[in-house]
1. Kindly list the number of the only condition in (1) modelled with pLDDT of 85 or more; (2) within 18 Å of B:A258 (Cα to Cα) that fails for B:M173.
2. Residues in the range B:52-74: is at least one under 26 Å from B:L253 (Cα atoms) and of a type in the set (D, E, K, R)?
3. Which of the residues belonging to the range B:169-181 are under 19 Å from the mean Cα position of the chain (by Cα), of a type in the set (A, V, I, L, M) and surrounded by fewer than 20 Cβ atoms within 10 Å (Cβ to Cβ)?
4. Report yes if some residue within the range A:25-40 is within 19 Å of A:D127 (Cα to Cα), surrounded by 17 or more Cβ atoms within 10 Å (Cβ to Cβ) and in contact with a Pro (Cβ under 8 Å, 6 or more places away or on another chain); otherwise report no.
5. Hey, which of the helices (runs of 4 or more DSSP H) in the range B:42-132, taking only ones fully inside, have at least 1 residues that are more than 14 Å from chain A (Cβ to nearest Cβ) and at pLDDT 90 or above?
6. Please give the number of the condition B:A241 fails out of (1) away from chain A (no Cβ under 14 Å); (2) more than 16 Å from the chain's Cα centre (by Cα); (3) surrounded by fewer than 22 Cβ atoms within 10 Å (Cβ to Cβ).
7. Going through B:K213, B:K191 one at a time, which residue ends up being more than 14 Å from chain A (Cβ to nearest Cβ), in contact with a Gly (Cβ under 8 Å, 6 or more places away or on another chain) and touching a residue at least 24 places away in the same chain (Cβ under 8 Å)?
Amino acid sequence: MEEIRIKNAFPTQETAEQRGTWTELGDYFRRQSIWMLMYCTGCCAIELPQAMTTVYDMERLGMGPMATPRQADVLLITGYLSLKTLRRLIYSYEQMSEPKYIAAFGPCVLNGGIYHDSHAVLNRLDDYLPVDVYVGGCMPNPESVMNGFVDLMNLIKDGKATGWKRYRDNHEWYRANQIAAVGEVFVHDEFHE
Amino acid sequence: MILGILAGLGIALFGFTLQSSVAGINRKVVARVQKRYGPPWYQEFLDIFKGLSKRGVTHGWIFDFGVIMAVGGIIATAMFMPITSNIAAFSGLDNFFIFVYLLAVGMLGMAMSASGSGNPLASIGVMRALTQMFAYEVPFLVIVMTIIKVTGTSSLVEIMAYQGQNGWFMWTMPLGFVVASISLLGMLGKKPFETFIAPAELASGPMVEYGGKHLGLLFIMMEISHFIEVSLFVHLFLGGATTIVGYLIKYFLVYTAANLYSYLNGRFKIDQVVVFFYKWILPLAVLQAVWVLWR
């Protein structure tokens, strides 16, 4: 089997002039109003309610939970990535409208964390979907969560949150990895088949 | 004529700006009630322009066309809305029935577009929205018909003038005011009657497949339709306004009261909404009509 090479792992940094006024203006709105799609499979999800409610109040950054992938801007992957969730995750991510971002929580998405030797857990999320910001800690406390979101806002401001471009440019490579992991990416419609 | 159309577009823009600002301030108010800091007051504008700055996914031309029809229909409705008794784009064309008929164009555009997305949750949401409309429109129209019978006119400006002389309908028709307030919650989709949006149940109902530009346009449509509904309420029951400051104060108070009340409630099921309106609110409306007309 021929190995597919990653073409453009790190898209070149564009300066503010190269991005243009409209992109700058769009980035201003996009970083002030980040709507989340929470993919709460792992234990890190338990820290999100604290970040959302009275004490830390995520809404002051303009963030809020959204009901469907179409409406969301950032996909939160909170915790370990099992084989069965990956297919749904890809499906959700590909439904989101561009520009879209991914925030990954905890060490499990980096190297498998405490589940690294499980047969059901994939160890490195970045092989399958492009991650823009990692939030450290097992589990990350609400301060870290809020800090991660501020980091994401700064990345958008500097034009560095380019995961969705990376996914588009290297789609072949990502898709080969996905198929190697889960067999087929298509999610079957149990109601109509 | 052209000046009138420009003035009408100005009123629609004014309504959009006003409602977005008031909704943003209300997000802050609710946050303070919940002991949070809250987003800035212009957050609604950021959300809408963010939506417009993203790429939308289309599901066929009906999906696109319906969104444009919804926004256009709502802007056309808002053009006829008098702000105060002096400020109106088309004087003499502020008949109540214009709003009843033209508001349906925007709503039907949204219904068509949502059904065009092919998502079953969107179809359920549209069906619920129409069912709920059947529930709250009947008592609301009974009260408005009573007002039209009492004043002898269906022009909003003349109804305002009548209230200026004979007292607000809020005081002279207290039961009708209660009916209209509850109907207003239904129109705005606020919480006891949030059945068609229901984020946890229907994944935001009709809006389930919208993203990016489509969602931005739909939010603009929602803001302007809220402006129309709250303005109608202010003009019909709170005596309208002669100055713009009075209008702004009344508008803000009505919307904030509705919004704060909605945060005290859970959500009705759709059959509970219909039964509630027909069993309790409709008799109240009829009682008010009988009381006023044959006392």
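The values are calculated or read from the model by the stated rules, or taken from the named source; none is laboratory data. Predicted model only: the values in this text are computed from it and were never measured. We place every Cβ from the backbone using ideal geometry, glycine too, and count neighbours over all the protein chains shown.
1. Failing condition for B:M173: (2).
2. No - not one qualifying residue is present in the range B:52-74.
3. Hits for the range B:169-181 are B:M170, B:V178.
4. Checked against the condition, which is being within 19 Å of A:D127 (Cα to Cα), surrounded by 17 or more Cβ atoms within 10 Å (Cβ to Cβ) and in contact with a Pro (Cβ under 8 Å, 6 or more places away or on another chain), the range A:25-40 yields no hits at all.
5. Numbers: elements: B:43-53, B:61-78, B:96-116.
Helices (runs of 4 or more DSSP H) meeting the threshold: B:61-78.
6. Going through the list (1) away from chain A (no Cβ under 14 Å); (2) more than 16 Å from the chain's Cα centre (by Cα); (3) surrounded by fewer than 22 Cβ atoms within 10 Å (Cβ to Cβ), B:A241 breaks only (3).
7. B:K191
To keep it simple, each residue is scored yes or no on (1) away from every other protein chain (no Cβ under 12 Å); (2) farther than 23 Å from B:G211 by Cβ; (3) free of Cβ contacts under 8 Å to residues at least 60 places away in the same chain.
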{"site": "A:R30", "(1), (2), (3)": "no, no, no"}
{"site": "A:W35", "(1), (2), (3)": "no, no, yes"}
{"site": "A:Y39", "(1), (2), (3)": "yes, no, yes"}
{"site": "A:G42", "(1), (2), (3)": "yes, yes, no"}
{"site": "A:I46", "(1), (2), (3)": "yes, yes, no"}
{"site": "A:A51", "(1), (2), (3)": "no, yes, no"}
{"site": "A:D57", "(1), (2), (3)": "no, yes, yes"}
{"site": "A:G64", "(1), (2), (3)": "no, no, yes"}
{"site": "A:T68", "(1), (2), (3)": "no, no, yes"}
